[in-house]
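Encoded as structure tokens, the structure appears first; notes follow it.
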Amino acid sequence: MGFKRRGSNSARLVAYCTRRDLLEWLVTLMTSKQLLALPMPYTAERPAVVSDPSLLVLAPDIRRVFLFPQSAKRKQRVSVGDVKSRRWGWVDCIVGGLEERDGVRVLTQSSISAEDFDVESVHPVRFVRSLKRHVAKSTRCGVRAVGSEFVYKSYRYTEAATQLAREGVVWKQLAGSTSAFEPAPAIFTANES
């Protein structure tokens, strides 16, 4: 039996931010929506579920975090290969952050995404949309590839990321990517002057 997606019912937040910013957002989601977290470090084969938001840590080896309702808690531990975040109605967070690559300091993007399916009672898209509204107050939108005029209007960035760029940190999608990104010039609507 296949899973039908609810039309285009998905949500995604992509941002250039520090791990501290991202941790704050994940804790906000856990607290406001009563979610559990499953951080996936490279060093642990079967990581443990975090139920207390104050105990969530984004250590350097954490590359992914899954958030899910308390009602979906599984008794056994799972590995990253076992997780079916879309199918189970979980929020999937890919953790970016500050890295050093070949002597260059790089800030990689983070993303938080979810998708709703007809067969699931959980609607994680609502969680991500709620977070996007919350994050909009403290972030700016619009980045572009260095040397390009095309603006990715939905990509957000924090003040901390801007400060890192001022210090010479290069923004990239992934540490090994060839393209670099930067804040786009201010995006004005017709009503702004």
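The values are calculated or read from the model by the stated rules, or taken from the named source; none is laboratory data. None of the values given here were measured: they were computed from a predicted structure. In this analysis, Cβ positions are derived from the backbone assuming ideal geometry, glycine residues included, and neighbour counts consider all displayed protein chains.
Report yes if some residue within region 121-137 is in contact (Cβ under 8 Å) with a residue 40 or more places away in the chain, polar (S, T, N, Q), in a helix (DSSP H, G or I) and closer than 30 Å to TRP88 by Cα; otherwise report no.
Scanning region 121-137 turns up at least one residue that is in contact (Cβ under 8 Å) with a residue 40 or more places away in the chain, polar (S, T, N, Q), in a helix (DSSP H, G or I) and closer than 30 Å to TRP88 by Cα.
Conditions tested, residue by residue: (1) within 14 Å of ALA15 (Cβ to Cβ); (2) modelled with pLDDT of 90 or more.
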position: ASP82; (1), (2): no, no
position: SER111; (1), (2): yes, yes
position: HIS123; (1), (2): no, no
position: LYS132; (1), (2): yes, yes
position: ALA136; (1), (2): yes, yes
position: VAL146; (1), (2): no, yes
position: THR158; (1), (2): yes, yes
position: ALA165; (1), (2): yes, yes
position: ILE187; (1), (2): no, no
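Condition (residue is in contact with a helix residue (DSSP H, G or I) (Cβ under 9 Å, 6 or more places away or on another chain), part of a strand (DSSP E or B) and modelled with pLDDT under 80) applied to region 92-101: is it met by at least one residue?
No, that holds for no residue.
Suppose the filter is surrounded by 13 or more Cβ atoms within 10 Å (Cβ to Cβ), modelled with pLDDT under 95, in contact with a Cys (Cβ under 9 Å, 6 or more places away or on another chain) and at negative phi; does PHE117 pass it?
no
With respect to VAL146, is the statement that it is surrounded by fewer than 16 Cβ atoms within 10 Å (Cβ to Cβ) and touching a strand residue (DSSP E or B) at 6+ places or on another chain (Cβ under 6 Å) true?
yes
Being closer than 30 Å to PRO69 by Cα, β-branched (Val, Ile, Thr) and out of contact with any His (no Cβ under 7 Å at 6 or more places or on another chain) is the requirement here; does VAL143 meet it?
So VAL143 fails the test.
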